[in-house]
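For reference, the structure is listed below as structure tokens.
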Amino acid sequence: MKKPIVTLTTDFGNKDPYVACMKGVILSICPEATIIDITHDISKFDIEEAAYILYRAYSFFPPGTIHVCVVDPGVGTERKPIAIKTRRYIFVGPDNGVLTIAAEDDGIEDIRVIESRYVMLSEVSYTFHGRDIFAPAAAWIALGYPLEMLGRSIDRIDVVKFDKPQISGGKVIGRIIYVDSYGNLVTNIKWDLIKDRVTFGEKVRLYYMGNEVSIPLSRSYGEVPLGELVLIPGSGGFMEISVNMGNASEKLGLKKGDQIYMEINR
């Protein structure tokens with residue numbers, strides 16, 4: 001039997017003991033588990049960002065991987081702890097939308113509320129369900145505990161969906177959904193949406209916050225001089241505004257949530 005894989009995505013950071021506590025709980029229940037950190041540097045309480053990161057990463061893991069995502073500003077409230085079975089994976093976390101973009105992308109087959117006390121720690125705190133509910137539930141699932149034993153089945157969960165870009169005349173209206181550690185500006189505009197309207201090498205007019213600039217559409221950062229702006233289809237399928245060996249967010253003064261317009265002539 002292959003070793004079960006459990007991934008962790010949180011906004012806990014690495015200064016505090018929270019991540020270590022979750023790993024300790026998982027390994028105490030399922031010592032054979034391989035635990036992989038996707039990231040613990042999600043912006044605090046940012047459910048949309050966490051949903052995006054999980055969506056970008058989940059499908060590169062072997063089928064059967066259990067993805068635990070805990071960005072949970074509603075911990076201790078009426079929001080439900082859930083486990084989602086999809087075509088190839090299991091997702092565990094709060095019912096606040098953080099799991100649904102990835103889970104829907106893979107195809108949801110079953111959703112269970114985690115309510116069996118058997119799969120929780122004996123004492124459940126009001127503020128740390130990552131340690132007391134999600135980590136032990138993931139560990140029991142890794143051991144082969146049936147999902148139907150976790151709790152009742154539900155058919156509706158909270159959903160976080162990125163705004164769909166709008167095409168109006170020759171403009172594509174979108175917004176910045178993520179800024180990575182390099183300062184690359186990830187938009188909600190999918191490459192598939194515009195690839196038949198633009199040609200590599202041509203310049204796209206970008207309008208933002210009362211400003212405008214022409215940016216060349218390229219396949220890679222290195223196709224433009226150092227320090228120059230470039231528009232590329234990112235590895236996640238979204239259009240990205242970048243600077244070759246620089247920081248596009250700082251250069252343009254754009255941040256997550258800001259609206260942009262791209263002028264597409266065809």
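The values are calculated or read from the model by the stated rules, or taken from the named source; none is laboratory data. In this text the structure is predicted, and so the values were computed from the model without any measurement. Using ideal geometry, Cβ is built from the backbone for each residue, glycine included, and neighbour counts are taken over all protein chains shown.
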Condition broken by E32, with the remaining ones in (1) out of contact with any Pro (no Cβ under 9 Å at 6 or more places or on another chain); (2) surrounded by fewer than 18 Cβ atoms within 10 Å (Cβ to Cβ); (3) in contact (Cβ under 8 Å) with a residue 24 or more places away in the chain; (4) more than 20 Å from D106 (Cα to Cα) satisfied: (1)
Looking only at segment 126-179, filter to residues that are among the aromatic types (F, W, Y) and surrounded by 12 or more Cβ atoms within 10 Å (Cβ to Cβ); which one of those is farthest from A248 (Cα to Cα)? Y145
How many residues are assigned to a loop (DSSP other than H, G, I, E, B) and either crowded, with 21+ Cβ neighbours inside 10 Å or modelled with pLDDT under 95 (or both) if we restrict to segment 226-255? 5
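Conditions tested, residue by residue: (1) in a strand (DSSP E or B); (2) surrounded by fewer than 16 Cβ atoms within 10 Å (Cβ to Cβ); (3) under 16 Å from the mean Cα position of the chain (by Cα).
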site	(1), (2), (3)
L8	yes, no, yes
K23	no, no, no
P63	no, yes, no
H67	yes, no, yes
V98	no, no, yes
I101	no, no, yes
Of (1) part of a strand (DSSP E or B); (2) out of contact with any strand residue (DSSP E or B) (no Cβ under 7 Å at 6 or more places or on another chain); (3) of a type in the set (K, R), K85 fails just (2)
Quick check on segment 29-37. Is at least one of its residues out of contact with any helix residue (DSSP H, G or I) (no Cβ under 6 Å at 6 or more places or on another chain) and among the aliphatic types (A, V, I, L, M)? yes
Among the numbered conditions (1) in contact with a Phe, Trp or Tyr (Cβ under 7 Å, 6 or more places away or on another chain); (2) within 18 Å of R175 (Cβ to Cβ), tell me where S218 comes up short. (2)
Name the one entry in D132, D106, D155 that is under 21 Å from D72 (Cβ atoms) and among the acidic types (D, E). D132
